[in-house]
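Q: Below are the structure tokens for one structure; questions will follow.
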Amino acid sequence: DAGVIQSPRHEVTEMGQEVTLRCKPISGHNSLFWYRQTMMRGLELLIYFNNNVPIDDSGMPEDRFSAKMPNASFSTLKIQPSEPRDSAVYFCASSPRGQGAGANYGYTFGSGTRLTVV
Amino acid sequence: AQSVTQLGSHVSVSEGALVLLRCNYSSSVPPYLFWYVQYPNQGLQLLLKYTTGATLVKGINGFEAEFKKSETSFHLTKPSAHMSDAAEYFCAVSGQTSYDKVIFGPGTSLSVIP
């Protein structure tokens, strides 16, 4: 398996523009996570999907952020409109079993998308 | 609720020296504990994990960690550092219910000096 695939690797955009980040999880994994990594706040869980259904979106910062998982092999994280404080590395991760007891299977992370909003 | 602290945001060791990265956790329930490693410009990779059973767990690349309940610690060690060990290391904790998120610590950056 090619692992978790994220695109693009780097994104530079102007404030106010829409940004869409993409993720392809590992085939057979039923859980998908979006994380944001910054120097100030470390790794933050934004949203968690299980079997394509959003289970926990309490980490989504505000209404400007939205995430979808239309099928088991694809997810998007959209920011509209983008702001400079959204600059961060965004990671997608997948897991065979999700949170809680399922976490012991470990999460597989993609290489991330480095977003810069100017 | 769970939380993780990692003592030392940056650790430097000489090549061949012992690596010790400290992790303390807080959890109101029996925890699952993890160490993840992040190499530059890459995602996190699972290094090792403790769920139940033996408190000394071995991971990839010669790393091991010991779960000490009395000290609420899960320190990561490696007897002899290699240049390729230079990376960011994250300790993480989770409970065992489906509502429990994996909580990551702030990370420790390990430098290996030749």
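Q: Assuming 1.002 mPa s and 20 °C, estimate D for the range B:33-96 with Stokes-Einstein, Rh taken as the Kirkwood radius over Cα pairs, in µm²/s.
A: Here the translational diffusion coefficient equals 173 µm²/s.
Q: Still on this structure, please answer the following. Using a 1.4 angstrom probe on heavy atoms only, work out the carbon and sulfur share of the accessible area of the range A:29-118 in %. Don't jump to the answer; show the numbers that get you there.
A: Numbers: 1900 of 3800 Å².
C and S atoms contribute 50 percent here.
Q: Compute the FRET efficiency between A:V53 and B:S3 as 1/(1 + (r/R0)^6), taking r as their Cβ-Cβ distance and R0 = 22 Å, and round to the nearest 0.05.
A: The value I calculate is 0.20.
Q: Grab the other residues whose beta carbon is less than 10 angstrom from that of A:A88, score K and R as +1, D and E as -1, and report the net.
A: On the way: positive: A:R36, A:R41, A:R85, A:R114; negative: A:E44, A:D86.
It works out to a net charge of +2.
Q: Report, as a whole number in µm² per second, the diffusion coefficient that Stokes-Einstein gives for the protein assembly as shown at 10 °C and 1.306 mPa s using the Kirkwood radius over alpha carbon pairs.
A: Values: Rh = 18.2 Å.
Result for D is 87 µm²/s.
Q: Then there's this: With N set to the residue count of chain B, report its C-alpha Rg divided by 2.2 N^0.38 Å to two decimal places. Provide the component values of the computation, followed by the final result.
A: Numbers: Rg = 13.6 Å, N = 114, 2.2 N^0.38 = 13.3 Å.
Taking the Cα Rg and dividing by 2.2 N^0.38 Å, one obtains 1.02.
Q: Round to a whole angstrom and tell me the spacing of the C-alpha centers of the range A:75-118 and the range A:3-17.
A: Cα centroid to Cα centroid, the span is 11 Å.
Q: Follow-up question, since we're still on this one. Roughly what % of Cα-Cα distances in chain A sit above 25 Å, to the whole percent?
A: Of all Cα-Cα pairs in chain A, 16 percent lie more than 25 Å apart.
Q: Provide the packing ranking of A:22-34, B:73-85, i.e. peptides ordered by the mean count of other C-beta atoms within 10 Å per residue, highest first.
A: Packing proxy ranking, top to bottom: A:22-34, B:73-85.
Q: Summing Lys, Arg as +1 and Asp, Glu as -1, what charge do residues with Cβ under 11 Å from the Cβ of A:E44 carry, A:E44 excluded?
A: Details: positive: A:R36, A:R41, B:K101; negative: none.
Local net charge: +3.
Q: Once you list every other residue whose beta carbon is under 10 Å from the beta carbon of B:K78, what net charge do they have if Lys and Arg are +1 and Asp and Glu are -1?
A: -2
Q: Normalising by the residue count of the range B:56-114, find the relative contact order in percent from Cα pairs under 8 Å and 6+ residues apart.
A: On the way: 73 pairs, mean separation 14.9, N = 59.
That works out to 25 percent.
The values are calculated or read from the model by the stated rules, or taken from the named source; none is laboratory data. If you're wondering where the values come from, they're calculated on a predicted model, not measured in any experiment. Note that we place each Cβ from the backbone using ideal geometry, even for glycine, and neighbour counts take in every protein chain shown. SASA here: full protein model, heavy atoms, side chains in, ligands and nucleic acids out. Shrake-Rupley method; radii C 1.70, N 1.55, O 1.52, S 1.80 Å.
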